[in-house]
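The values are calculated or read from the model by the stated rules, or taken from the named source; none is laboratory data. A quick note: this is a predicted structure, and the numbers were derived from the prediction, not measured. Neighbour counts are summed over all protein chains in view; Cβ atoms, including those assigned to glycine, are modelled from backbone coordinates with ideal geometry. What goes into the accessible areas is simple: the full protein's heavy atoms, side chains included, and nothing from ligands, DNA or RNA. Shrake-Rupley method; radii C 1.70, N 1.55, O 1.52, S 1.80 Å.
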Amino acid sequence: MTSAPDIVIVGSGMGGATLAAGLAPSGAQITILERGHRIPDDAPARDPWRIYTNSAFRSAETWLDENGNSFEPGNYYNVGGNSKLYGAVLIRYRAEDFAELEHFEGVSPAWPLSYDELAPWYDAAEGLYRVRGDATSDPTEPAHAGPYQFPPVPDEPAIRVARMRLEQAGVNPFCLPLGVDIDRWLSAGKTGWDGYPDLRCGKMDAETCGLEAALAHENVNLITGAEVTGLKVDPSTGKVDTVTYVKDGVETNLSSSIVAVCAGAVQSAALLLRSGIANSSDYVGRCFMNHNATAMIAIDPRYKNDSVYQKTFGLNDWYLADNDAGKPLGNVQLLGRVTPDILKIQVPQLPNFAARWISGHALDLYLISEDLPDPESRVVLKNGKIQLIWRRSNMEAHKKLVGKMKATLRKAGFPIVLSRLFDGRVPSHQCGTVRMGTDPQNSVLDPDCRSWDHPNLFVTDAAALPTSAAVNPALTVAALSLRTAETIKRELAA
């Protein structure tokens, strides 16, 4: 069975859905292939025991680590991709992230485009995802064309107290830019949104914004349960001429003028490797990056935290410099509320009364430092199975960030501060495996996110990012996707 849309998009996460939204007004026939399905309305979306233990949402898929041992990677395959469970922090890379930036243990290379070139697409992405924030609250915030369309999600009373205490300790909490309609979200259940799947009830994710905008056009078709198994190239033209997928055991081939791979940083690389294409540079799968990330909990017996969602402010005081040696450290932001149930899941031996007490007197944070691109940090296939070989980098900066934050919290009156470094099984913003660049010898895509090898093949998910920076990548992925949509539309009109 074969059909021939004008454009095939593999994946409906932040990259694929946003690309489809940008392309839909062109009138081109667009088919989106998504291996997962929509999360059903009766899913246990607010039950932490179903989410954090025997997850009702995570795939049963396993990958191999560097030593060949199987592990569950914590990725999600459903309409909207991983964004269905994300923390909805839609923050721009800093302008400095687009230039070469020296770190304690290496250099983050310059992008093939400047912040100013991407800025209009950041504006458009913030509009599409209805971002709420205050662009004046963070001194490191790059220039915007104007204010956010919506005011920031408000601090709850307990979080307002924490913000004030941190300000008195000498740091500058800023309002996190968030894709959350908080009134709609809370009307459907009194939980935070960070880690909880959105059932189209207030979180602005790839399904509720990007895909919704795309599917409003009759020329866009979404096929769920469609796992793409391979791409084939016409040797006479160098173009990808066949996309093969399997749905309900039936194999289907699509031919298309344009193919966009947006399956996520690991799966996009794996698909290209499995297909044996786009890899003349031998860089497909290389330069895998996964933020160095630490969860931190600050406890003060005098502090009463009765917040529901918590996640409204962050710190970039040490983002560009540590105020000592002058090197970047990273970003700090509040986690979604760590409730007694979540504490019990993470520390099963903790008595119920202790979990309640700790949760009621704690502030929960998430610390992120940049992972530098390394060709030996990579995704490979071993006997057809994904193997993730992650080489941690820039850990000196991350340890300094953890130390700075602990000292600041103690100065703010939190005498007990605990932390835990996330390992490679946690998908902390995976990116970089199909990187864009200016040199076909050490990149896979050109500055328009087009394959150097195949003129009709594009990649617009986090795989395309040449650096990880130290902030959440979702908005940057969306901005790149909208920019690439404009490139593709010009070609279709030519």
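For the chain, give the magnitude of the charge dipole about the Cα centre (Cβ charges: +1 Lys/Arg, -1 Asp/Glu; no others), in debye to the nearest 20. Let's see the in-between values first.
Details: 47 positive and 58 negative charges, 309 e Å.
Roughly 1480 debye for the chain.
Sort GLU376, GLU100 from largest to smallest accessible area, using a 1.4 Å probe on the heavy atoms of the protein chains.
Values: GLU376 95, GLU100 135 Å².
Descending order: GLU100, GLU376.
Just to confirm, what accessible area per residue do you get for the chain at 1.4 Å probe, in whole Å²?
Details: 18310 Å² over 494 residues.
Computed with neighbouring chains in place, this is 37 Å² per residue.
Report relative contact order for the range 216-295 in percent, whole number only (criteria: Cα-Cα under 8 Å, sequence separation at least 6).
22 percent
In debye to the nearest 20, how big a dipole does the range 170-256 give about its Cα centre with +1 on each Lys and Arg Cβ and -1 on each Asp and Glu Cβ? If you can, show how the numbers build up before the last one.
On the way: 7 positive and 13 negative charges, 31 e Å.
The dipole magnitude comes to about 160 debye.
Take the alpha carbon gyration tensor of the range 169-218, find the square roots of its eigenvalues, order them as a ≥ b ≥ c, and report rounded if a/c is under 1.5; if not, report prolate when a/b exceeds b/c, else oblate. Please list the in-between numbers first.
Working: a/c = 3.26, a/b = 1.74, b/c = 1.87.
Verdict is oblate for the range 169-218.
Arrange the residues VAL347, VAL402 by how much accessible surface each exposes, largest first, with a 1.4 angstrom probe. Don't jump to the answer; show the numbers that get you there.
Numbers: VAL347 50, VAL402 20 Å².
Largest accessible area first, the list is VAL347, VAL402.
Can you send over the carbon and sulfur percentage of the accessible area for the chain, probe radius 1.4 Å, protein chains only?
On the way: 9260 of 18310 Å².
For the chain, the apolar C and S fraction of the accessible surface comes to 51 percent.
Which percentage, to the nearest 5, of the DSSP beta bridges contained in the chain is antiparallel? Working shown, then result.
Numbers: 50 of 72 bridges.
So the antiparallel bridges amount to about 70 percent of the total.
ILE223 to ASP116: extension gain in nm, 0.36 nm per residue of separation minus the Cα-Cα distance?
Details: separation 107, 0.36 × 107 = 38.52 nm, distance 3.61 nm.
Fully extending the segment from ILE223 to ASP116 adds 34.9 nm.
For a distance above 11 Å, tell me the whole-number percent of Cα pairs in the range 310-357 that qualify.
Across the range 310-357, Cα pairs with separations above 11 Å total 72 percent.
Which shape class, rounded, prolate or oblate, goes with the range 1-158 when its Cα gyration tensor gives a ≥ b ≥ c as root eigenvalues, a/c under 1.5 marks rounded, and past that a/b bigger than b/c marks prolate? Before the final figure, lay out the partial values.
Details: a/c = 1.39, a/b = 1.24, b/c = 1.12.
Rounded, since a/c falls under 1.5.
For the range 305-431, what does the alpha-carbon gyration tensor say about shape, rounded, prolate or oblate, given a ≥ b ≥ c as the root eigenvalues, a/c under 1.5 as rounded, and a/b over b/c as prolate?
Details: a/c = 2.52, a/b = 1.28, b/c = 1.97.
Oblate is the answer for the range 305-431, as a/c is 1.5 or above yet b/c matches or exceeds a/b.
Just subtract the alpha-carbon distance of GLU66 and SER3 from 0.36 nm times their residue separation and send over the number in nm, one decimal. Walk me through the numbers before you get to the answer.
Details: separation 63, 0.36 × 63 = 22.68 nm, distance 3.97 nm.
Residue separation times 0.36 nm, minus the Cα-Cα distance, leaves 18.7 nm.
Ordered by packing density, taken as the mean number of other Cβ atoms within 10 Å over each peptide's residues, highest first, how do 75-86, 350-361 rank?
Values: 75-86: 24.4, 350-361: 15.2.
Peptide ranking by packing, descending: 75-86, 350-361.
Taking only the alpha-carbon positions of the chain and ignoring solvent, what does the Debye formula give for the base-10 log of I(q)/I(0) at q = 0.05, 0.12 Å⁻¹?
-0.17, -1.06
Enumerate the lysines that LYS344 could reach by cross-link, defined here as Cα to Cα under 23 Å, with residues fewer than 8 away along the same chain left out.
Partners found: LYS190, LYS304, LYS311.
Sticking with the crude label model, points 7 Å out along Cα→Cβ, report the distance from GLN168 to VAL107 in nm, one decimal please.
Here the answer is 4.6 nm between the modelled labels.
Once you list every other residue whose beta carbon is under 14 Å from the beta carbon of LYS203, what net charge do they have if Lys and Arg are +1 and Asp and Glu are -1?
Numbers: positive: ARG46, LYS84, ARG130, ARG132, ARG184, ARG200, LYS311; negative: ASP181, ASP183, ASP194, ASP198, ASP205, GLU207, GLU212.
Neighbourhood net charge equals 0.
Set Lys and Arg Cβ to +1 and Asp and Glu Cβ to -1, take the dipole of the chain about its Cα centre, and tell me which of ALA99, ALA493, ASN472 lies farthest positive.
The residue sitting farthest along the positive end of the dipole is ASN472.
Take the alpha carbon atoms of the range 428-466, find their center, do the same for the range 274-290, and report the distance between the two centers in whole angstrom.
Here the two parts' Cα centres lie 9 Å apart.
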